[in-house]
1. How about region 260-289: which of its residues are touching a residue at least 40 places away in the same chain (Cβ under 8 Å) and not in a helix (DSSP H, G or I)?
2. What number of residues within region 190-227 are part of a loop (DSSP other than H, G, I, E, B) and either free of Cβ contacts under 8 Å to residues at least 40 places away in the same chain or of a type in the set (A, V, I, L, M, F, W, C) (or both)?
3. Pairs, please: C-beta under 9 Å, at least 6 apart or cross-chain, first residue more than 20 Å from L276 (Cβ to Cβ) and in region 248-259, second at pLDDT below 95?
4. Inside region 212-230, can you point out the residues that are of a type in the set (D, E, K, R) and either surrounded by 16 or more Cβ atoms within 10 Å (Cβ to Cβ) or within 21 Å of the chain's Cα centre (by Cα) (or both)?
5. Looking at (1) farther than 16 Å from R39 by Cα; (2) outside any helix (DSSP H, G or I), which is the only condition H238 fails?
6. Which of (1) assigned to a helix (DSSP H, G or I); (2) at pLDDT below 95 is the odd one out, the single condition G230 does not satisfy?
7. Please identify the pairs in which a residue from region 1-29 that is closer than 9 Å to V56 by Cβ has its Cβ atom under 7 Å from the Cβ atom of a residue that is among the charged types (D, E, K, R) and assigned to a loop (DSSP other than H, G, I, E, B), counting only partners at least 6 apart or on another chain.
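The values are calculated or read from the model by the stated rules, or taken from the named source; none is laboratory data. Every value quoted in this text rests on a predicted model; they were computed, and no experiment measured them. When we count neighbours, we look across all protein chains shown, and the Cβ atoms used for this are built from the backbone with ideal geometry, even at glycine.
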Amino acid sequence: MRALLILGPTASGKSSLAMALAARLPVEIVSVDSAQVYRGLDIGTAKPTAFERAQVPHHLIDIRDPHDPYSAAAFVADALPLIDAIRARGRLPLLVGGTMLYAKALLAPLDDLPPADAGIRRRLEAEAAASGWAALHRRLATLDPPSGQRIAAGDPQRIQRALEVIEITGMPLSALQSRRARQAGAADDAAAGSLPIVSLEPSDRALLHRRIAQRFDQMLAAGLLDEVRGLMARPGLHPDLPALRSVGYRQAWQHLDGAIDAPGLRDAGIAATRQLAKRQLTWLRALPVYRRLDCLSADLPRQASAIIDELRGARRAAPARPGGQHP
């Protein structure tokens with residue numbers, strides 16, 4: 001086992017489990033979270049506290065400014081050397097988070113897609129400002145029907161990227177992705193042996209929804225709106241940046257812009273978080289999970305510790321009885 005991935009939907013207790021395991025085992029934690037990489041996004045990302053980070057080494061947190069987008073490819077480039085360095089220190093790398101695309105990228109290499117082209121992006125944004133993203137989505141559906149069907153009309157980031165790839169390469173995004181998809185199954189199987197996944201999933205979806213609502217209320221009470229006010233005051237930051245499209249931040253920005261009132265902010269934030277959790281659980285069903293645990297169980301640390309022992313081969317087979325039977 002090269003490392004252990006602890007994945008799950010938002011509010012499933014991933015960070016708490018990682019800290020509990022750190023009290024039992026020599027580990028270091030690598031964040032698998034596309035929002036925690038950004039400095040200044042603390043409350044809304046449920047970032048580990050300064051005390052927790054002092055107790056256990058955490059990695060890939062606060063490594064980018066919000067105006068500097070991060071990607072799955074960048075995550076893989078950063079995470080793989082970290083895994084090796086942690087192992088060289090005699091510790092177990094725990095990769096913990098809910099950004100399933102990042103986890104998938106570790107298991108199966110990403111397509112070789114072209115880097116972003118700032119000029120093309122500015123022109124597409126200008127076209128969207130003039131005619132709307134729905135018009136650009138219709139163009140995408142004509143040029144690349146599979147991507148047009150897969151990408152929602154209300155997802156400007158992915159519409160822009162798909163059109164950008166077509167302009168740069170002359171090929172549909174779906175065609176480039178299918179080139180790698182043919183090999184993805186074999187890559188998943190190979191990677192699962194060294195990067196096993198423990199998935200935290202709820203036995204009762206309603207209880208997870210209750211946790212989500214409680215956590216969003218706690219974020220509001222802890223000062224989420226003040227945090228977003230500070231981000232709004234920073235030059236160069238705007239709500240279309242990937243960092244600020246994160247769940248919670250988008251709704252808080254809309255509220256502070258006057259688009260939704262305070263009750264609407266709470267309702268929209270909780271609804272968006274529930275949708276995020278649903279998408280995360282859908283991703284988990286498609287990943288090569290080693291063991292699925294009930295995230296609502298009070299016994300998670302013991303169960304996870306037993307899985308680590310199992311994966312490390314700590315549980316040796318009992319001596320065989322005469323005749324090949326075991327006690």
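1. L287, P288, V289
2. 1
3. D257/P239
4. Selection gives R215, E227.
5. (1)
6. The failed condition is (2).
7. Close Cβ pairs (under 7 Å, with a partner that is among the charged types (D, E, K, R) and assigned to a loop (DSSP other than H, G, I, E, B)) amount to V27/R91; E28/R91.
Residues are listed down the side, and each one gets a yes or a no for (1) under 21 Å from G269 (Cα atoms); (2) at pLDDT 95 or above:
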site	(1), (2)
A18	no, yes
I43	yes, yes
H58	no, yes
P66	yes, yes
V76	no, no
